[in-house]
Amino acid sequence: MVILQGQSPYNRSTFRYTPLLALILTPNVLLSAHFGKLLFVGCDLLSALLLFRLLVLRGASRSSACLCCGLWLFNPLPIGVSTRGNAESLLAVLVLSTLLCLERRRRTSAALLFGLSVHTKIYPVTYALPVALSLAGAPSRGRGPIRNLFRCFNKDLLLFAAVSGSVFFSLNATFYCIYGWDFLQESYLYHLTRRDIRHNFSPYFYMLYVTAEHRWSGALALVCFLPQLLLLSLSSLAFRSDLPFCCFVHTAVFVSFNKVCTSQVRARLTAFCRRFLRSLLMVCFCFSLQYFLWYLCLLPLVLPRLTLSLRRGLGLLLLWFVGQALWLSPAYYLEFEGWNSFALIWVAGLLFLLINSLILGQIISHYRPAEAQQKKTD
Amino acid sequence: METHKKVLLDSKVDLEAPEYLSSGFTALVFLSGKHEVVVPVHGRYHRPSDSSKWVKVDIESPRLLLRSDQCQTLSPGVRHVMFDAPCTVSNHSICSWIEILHLEDNGGVSLEIPVGDSSIIVTVCVVTVLTTVLSCAYLLTNIWKHGSF
């Protein structure tokens, strides 16, 4: 609406996305208020189609591909998030189409889509490392280090970097010219430097809250960053040959070890939830499970090659929900009833991290990459 | 604030800032024809305390303003002052309002906001870092064992 009037979308206090999103949603005002929600639901369906194509391309049978897609399509979480009007499914479409193009060796289209997705939300930039490693040439033993370095930075990698970089920078330059510093601040810098000390799923929440004005808070922020960095680097190196799995591990690590894991629209939701308190679903959305959508859209790609037994898989899933419930309960009482349940939220947050790490560890140890599967069937 | 059309704030409010980084503000609630309004309040985060689990926040009693051009008869015993404020919630123009003084006051509202415990700061840091290191080590071991390098 604000864009139609020719003003900056950042005049609204909690708009922290790309102006492209505001542009895409202008039919919300011109046509119907439900256009945005329909668009996001459409993106959900498109994501399911992309998942299906990717699964078939990676060798899954059509029936198991359908089953895995069903996990995304009929999952209440993406349905709920999209019908609420949240743009996460748009990003899922962009990320999945980038992966599909890479699997099909359509590197230029992949680079275009990658640049677009990083412009839309900053977090896919973490995929740059595994993508770069998968495109880079393998170093050979005979040559020296300098020659090997040149071999690694081969034509494919440079082309990818050039195309995605130019898409990203040209979009940014355009919007910077139109909207100025506001655009950079709200779209990117806010996310990178945010020091949100309010309660969220992150294990570091309580520590950052009580040390907020301490002199060691800077050093602590660095300590928080190290595990993430180590895990992201090592997993990129270890799983570079299987890009969707690598991206899944990346996103799971990123979300679990992040300093902040919350939503920007909580304040509006809080007012809304006050009236519909009793519904647990509303509470869940209030504490924004949208972060989990980021790796949930990649989970169906990982499933066909998992050798976890159904019992174990369901057990891990149940454990995840238990971890969620253990966090949500004290958080609900803190936010809506004003109880002092900070210590409980802290402990629940740490427990949730342990549970997430266990689940991810089990997934990693029970994953069979394509070559191993082929050897099995031969 | 933008969603509830009948409320106008006098300054831009950062929804996420803690209490010690934000300043107070005034909210103008425009009533037309209604006689009762419920204003929901959400507390900001306050500094953690090592002595108390709660902090008390007082909210000033509301003041009543009446549009002077729509208010022809005002009984002489009612104490009032003139006040300039926006005419409507869209804040296009300033009008003259009458503030009715000495309203029946039940002392205003106070909230008890829970705060973190800064007396266990060292425990929190140590346990958090240990747990993160433990999870990180577990995952690194798994990745090392099952990755292809």
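The values are calculated or read from the model by the stated rules, or taken from the named source; none is laboratory data. All of these numbers come straight from a predicted model, not from anything done at the bench. Counting neighbours? That spans all protein chains shown, and the Cβs are built from the backbone with ideal geometry, glycine included. Remember, those area values only see protein heavy atoms, side chains included, never the ligands or the DNA or RNA. Shrake-Rupley method; radii C 1.70, N 1.55, O 1.52, S 1.80 Å.
Apply the Kirkwood formula to region A:155-246: the hydrodynamic radius equals the inverse of the mean of 1/r over all pairs of different alpha-carbon atoms; give it in Å with one decimal.
Numbers: mean 1/r = 0.0597 Å⁻¹.
Its Kirkwood hydrodynamic radius stands at 16.7 Å.
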### Task
Provide Rg over Rh for region B:96-148; use the alpha carbon set for both Rg and the Kirkwood Rh (inverse mean inverse pair distance).
1.59
### Task
Compute the semi-axes of the equivalent ellipsoid of chain B, taking the square root of 5 times each eigenvalue of the Cα gyration tensor, and list them largest first in whole Å.
52, 21, 11
### Query
What accessible area, in Å² to the nearest ten, does a 1.4 Å probe give for A:Arg107?
60 Å²
### Query
Hey, rough spin-label estimate for A:Arg106 and B:Arg63, points 7 angstrom out along Cα→Cβ, what's it come to in nanometres?
6.4 nm
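Between A:Leu317 and B:His46, what is the FRET efficiency for a Förster distance of 51 Å, r being their Cβ-Cβ separation, to the nearest 0.05? Could the numbers behind the result be given before it?
Numbers: r = 38 Å, r/R0 = 0.74.
The formula returns an efficiency of 0.85 here.
Rank by packing, highest mean first: peptides B:82-94, B:108-120, with packing defined as the count of other Cβ atoms within 10 Å averaged across residues. List each step's numbers first, then the result.
On the way: B:82-94: 12.0, B:108-120: 16.5.
Ranking the peptides B:82-94, B:108-120 by packing returns B:108-120, B:82-94.
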#### Entry: Crossing angle, helix B:121-146 versus chain B [Cα axis fit, 0-90 degrees, rounded to tens]
50 degrees
### Message
Please list A:Lys121, A:Lys155, B:Lys56 from largest to smallest accessible area, probe radius 1.4 Å, with all protein chains kept in place.
### Response
A:Lys155, B:Lys56, A:Lys121
### Task
Output the lone cysteines of chain B: those with no second cysteine's C-beta under 4.7 Å from their C-beta.
B:Cys71, B:Cys125, B:Cys136
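Based on the Cβ-Cβ distance from A:Thr26 to A:Leu67, what FRET efficiency comes out when R0 is 30 Å, to the nearest 0.05? Provide the component values of the computation, followed by the final result.
On the way: r = 38 Å, r/R0 = 1.27.
Plugging the Cβ-Cβ distance into 1/(1 + (r/R0)^6) gives 0.20.
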### Query
Got a number for the accessible area of B:Leu65? Probe 1.4 Å, square angstrom, nearest 10.
40 Å²
### Task
Give me the accessible area of B:Tyr45, 1.4 Å probe, in Å² rounded to the nearest 10.
30 Å²
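Summing +1 for each Lys or Arg and -1 for each Asp or Glu, what net charge is found among the other residues whose Cβ lies under 15 Å from the Cβ of B:Ile59? Mind showing how you got there, number by number?
On the way: positive: B:Arg44, B:Lys56, B:Arg63; negative: B:Glu19, B:Asp58, B:Glu60, B:Asp105, B:Glu112.
That sum, taken over residues with Cβ under 15 Å, equals -2.
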